[in-house]
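Everything on this sheet refers to the single structure shown next.
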Amino acid sequence: IRIGCYSAFWGDSTAAAIQLVKHEGKNLDYLVADYLAEITMGILAARRQRRALQSDKKGQDFINEFLTLVLKHILPDISKNGTKVVTNAGGLDPIGCKEAIEALLKSMNIQMKVAAVLGDDVLSSKPEPTLNSFEGVHPFSSISSVEHQLESDRLPDKDEPIVSLNAYLGAHGVAAAFNEGAQIVVTGRVVDSALVVGPLMHEFGWKEGETSNYYDLLASASLAGHIIECGCHTTGGNFTDWFLAANSPYGGYSNMGYPIVEFNKSGTFTVTKPEKTGGLVTPATVSEQILYEILDPALYLLPDVILDMRQVQLSQTGTNRVLVTGAKGLKPTPFLKCSGIFLDGWKISVELVVGGMDAKKKAVAVGEAIVKRVRGMYQQLGFSDFRNVNIEPIGGESLYGPHSRANDTREVVLRLSAHHDNPKALGLVAMEAIPSATCMAPGITGSGNGRPRPVPNLVHFPLLIPKSQVKTQYVVGDGQIKESQWGVWDKEAKYSQPTPVPLIPEVDLSQGPLVKTRLIDVAYGRSGDKGDVCNIGIIAREPKFLPYIKRSITEKVVKEYMQHL
C-alpha cells in the first residue's frame, strides 16, 4: 500500500499534492495531509469565539484552504485513479468540512463518498470550558509515563477558561469510515500517525485479538505515519547536511519531493519520494525524522499502541529508498493526550533594524531603555509591571547567550517582546519603540510592518484524560453518526517497565588520547518542540562514534550550556 503525504502543517506548499498525484498516478493508494499544529486549534477556537461575539452567523471552523487550494485541483485525477484521501483539515468542524467537500464534488459533477471523524473536541459537551468539567485528568509528563507531575507544563487553574481542548484520537474511526466505503475522510484532532494507520488497518484487516503481532503491526504503521507526517522533513528538509538536499538533482530545494511509504503486509515498509524530484531519502534523513518530537524512544505513547523504536533498523535499498524494520508495539495506556490552549494575558513584539558599528550593543541598550521608559509611564498611569519582557538582538546570536561569536556584527534586528495582562499597557510599548529612531542610538530604521498591536497570549498545555470519557464518532456519506470503540488498554501500567535492550558501549580509553571535535562532524541532529518541551535527537554518523557522543553529551553538559535560555 503506497501512501504519500503532502502537508506537514497549515501553510505547507500547495504544489505538493499536485506533485504526488501527477507523478504517482494510479500507483498512489492514499494521499494524507496534516494541517493541525498544537496552536492551530487555539487559533481556530479564538476565531470562533470572536465571531460569536460579533454575530450569530456560522463560519468556517475547518481548514478551507484544503478545498480551495488543494482538493479542487486534484479531484478529477484522484477520482479517476482511485486514490483515497485522509486529512485532519476538519479542524473544529469535521462535519462542516465534510459538507463543504460534498458541495464541491456536486459542483464538479464528481461522485465520491465523504466521511468525517469527530469527538476530539472534549469541551463541546461540557457545561463550562474549564478543568472543573473533567474528572480523572492528569498533567502530561515529558519524562515519565506514570508519574504525570514530573516536568509537566503548567495547567490552567481549575476555574480558568480554556480556549480549546482537543483529544488526540486514534486510527479506529478512520479505519471504520474506510470500511464503510469512504473515499475521502476528514477528521478533527487525531494523532498525526493515525492518518496512515487508519488506511492500513482498513487495507490489511488488522483486528485486536485476531491478528498475529497486532501491536507490532500498529507500531510499524505508526512509525510509518510519524516518518511522513512532517512532509519534507524526511526527504531532506531541515536536514543537518542541508547542502546535500539543496544541491540534489532535479532542482534541490526548489523541487523538493514529498514522502511516500510503501507498506507491506508483513509490517516492514520503504520510505521513498517521487522520481525526478529534489531532496534525498537516506538513513540519515529518515532517522532524523524518527527522533523528531518523540521524547522517550522506548515509549512513544499513542492512542492505539505504544511504539518502541529502540531496535529500528534502516537500510538503503536503492536510490532514495530506505527500508524500515524492527518497530515493536505494546498495549496502549488508559489515557488520551489532549492539546489545550488557554489565554494568559496579552503579548506584543516590536522589531527595529539596527545597523552600524556596535549594532548588537546598541540594540540591547535601546531595548532596555524602551522598557525602562515604559515602566515609568506605567507607574504614572497606575498600570502593573510587565509579566515578562525579552530583548533579542537577532543576528547577534542572541539564542547562544554567553556562547555568542557575533558580538561585532554591524546589523541586527532588535526584537522586543512583552507580556502583560492589559493590552492598553502593551500599546505603550509600540508607541514608544518608534521614537527610538530619533532619540536613541544611530542606525535605527523601522521593520516595515508599521506599529504592532497587542495580541492574545495563547498558551499551549498538554493534558491526559481517561479514554472512558472520550467517544470517537464517524459518519459516512448520508448515513447516521456511529461510535467507534476503543481497543483494550493496559490497566496495570506494565508499559512503565520497558524490556531492556543492549546498552551503548563505554569509551575504550586504551585506544589512545581523545581529541576534541565538533558535534556536527560526528552526529546528525533534529529538534522539535511542543509547548515548553523541546526534544533534541542526536544520531551518530557511524556506530563507532556513539560511545563518545554518550560520554560527552550528558544531562549536566546540556543543562549548563543552555541555562541562559
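The values are calculated or read from the model by the stated rules, or taken from the named source; none is laboratory data. Since the model is a prediction, treat every value here as computed from it, not as a measurement. Neighbour counts are summed over all protein chains in view; Cβ atoms, including those assigned to glycine, are modelled from backbone coordinates with ideal geometry. Just so you know, the surface numbers come from the protein's heavy atoms only, side chains and all, with ligands and any DNA or RNA stripped out. Shrake-Rupley method; radii C 1.70, N 1.55, O 1.52, S 1.80 Å.
Each label was represented as a point 7 Å from its Cα along the Cα-to-Cβ direction; for K126 and K516 these points are 5.2 nm apart.
This model, with +1 at the C-beta of Lys and Arg and -1 at the C-beta of Asp and Glu, gives the chain a dipole about its Cα centre of some 960 debye. The relative contact order of the stretch 509-563 comes to 24 percent, based on Cα pairs under 8 Å that sit 6 or more residues apart. Pairs exceeding a 21 Å alpha-carbon distance, out of K22/K273; K58/K98; K98/K530; K126/K347; K98/K126: K98/K530; K126/K347; K98/K126. Extension gain, A15 to K559, is 191.7 nm, computed as 0.36 nm per intervening residue step minus the present C-alpha separation.
Whenever you get a sec, compute what percent of the accessible area on the stretch 282-423 sits on carbon and sulfur atoms (1.4 Å probe). The value for the stretch 282-423 is 50 percent carbon and sulfur by accessible area.
Is the stretch 447-534 best put as rounded, prolate or oblate by its Cα gyration tensor, with a ≥ b ≥ c the root eigenvalues, rounded for a/c under 1.5, and otherwise prolate when a/b is larger than b/c, oblate when not? Cα axes put the stretch 447-534 in the oblate bin. Scoring 291-303, 102-114 by mean Cβ neighbours within 10 Å over their residues and listing the highest first yields 291-303, 102-114.
Other residues whose C-beta falls under 15 angstrom from the C-beta of A433 contribute a net charge of +4, scoring Lys and Arg +1 and Asp and Glu -1.
In the chain, helices alone account for a calculated mean residue ellipticity at 222 nm of -8000 deg cm²/dmol, with every DSSP H run of four or more residues adding -39,500 (n - 2.57). Computed about the Cα centre, the dipole magnitude for the stretch 200-262 is approximately 220 debye when only Lys and Arg (+1) and Asp and Glu (-1) carry charge, each at its Cβ.
As an exercise, identify the trypsin sites (Lys or Arg not before Pro) in the stretch 43-100 lying in DSSP coil whose Cβ has no more than 12 other Cβ atoms within 10 Å. Filter output for the stretch 43-100: K57, K58. The overall shape of the stretch 314-436 is oblate: from the C-alpha gyration tensor, with semi-axes ordered a ≥ b ≥ c, the ratio a/c is 1.5 or greater and a/b is no larger than b/c. The mean sequence distance of close C-alpha pairs (under 8 Å, at least 6 residues apart), as a share of the length of the stretch 206-338, puts its relative contact order at 27 percent. Computing FRET efficiency as 1/(1 + (r/R0)^6) for S315 and E135, where r is the C-beta to C-beta distance and R0 is 45 Å, gives about 0.40.
Taking every protein chain into account, the accessible area of the chain amounts to 48 square angstrom per residue (probe 1.4 Å).
The count of lysine pairs in the stretch 373-523 that are at least 8 places apart or cross chains, and whose C-alpha atoms lie under 19 Å apart, stands at 5. Between N27 and R541, the simple spin-label model (points 7 angstrom out along Cα→Cβ) gives 3.3 nm.
Restricting the stretch 1-96 to chymotrypsin sites (Phe, Trp or Tyr not before Pro) that sit in a DSSP loop and have at most 14 other Cβ atoms within 10 Å of their own Cβ leaves F9.
Label-to-label distance for D241 and E151 is 3.0 nm, based on points extended 7 Å past Cα in the beta-carbon direction. Solvent-accessible area of the stretch 501-552 (1.4 angstrom probe, protein heavy atoms only): carbon and sulfur portion equals 58 percent. All C-alpha to C-alpha distances of the chain, sorted into 20 Å bins beginning at zero, yield P(r) values of 19, 50, 29, 2 percent in whole numbers. For chymotrypsin sites (Phe, Trp or Tyr not before Pro), no site in the stretch 358-412 is both called loop by DSSP and has at most 12 other Cβ atoms within 10 Å. Put the Cα centre of the stretch 173-242 next to the Cα centre of the stretch 65-105 and the gap is 18 Å. Which aspartates and glutamates have a Cα less than 17 Å from the Cα of K265, not counting those fewer than 8 places away in the same chain? Output for K265: D29, E203, E208, E210, D216.
Close amide H contacts of L169 (hydrogens built in the peptide plane, cut-off under 5 Å, sequence separation of 5 or more or a different chain): V190, V191. In the chain, Cα pairs under 8 Å separated by at least six residues give a relative contact order of 15 percent. Under the shape rule built on the C-alpha gyration tensor, where the axes satisfy a ≥ b ≥ c, the stretch 414-565 is oblate, since a/c reaches at least 1.5 while a/b does not exceed b/c.
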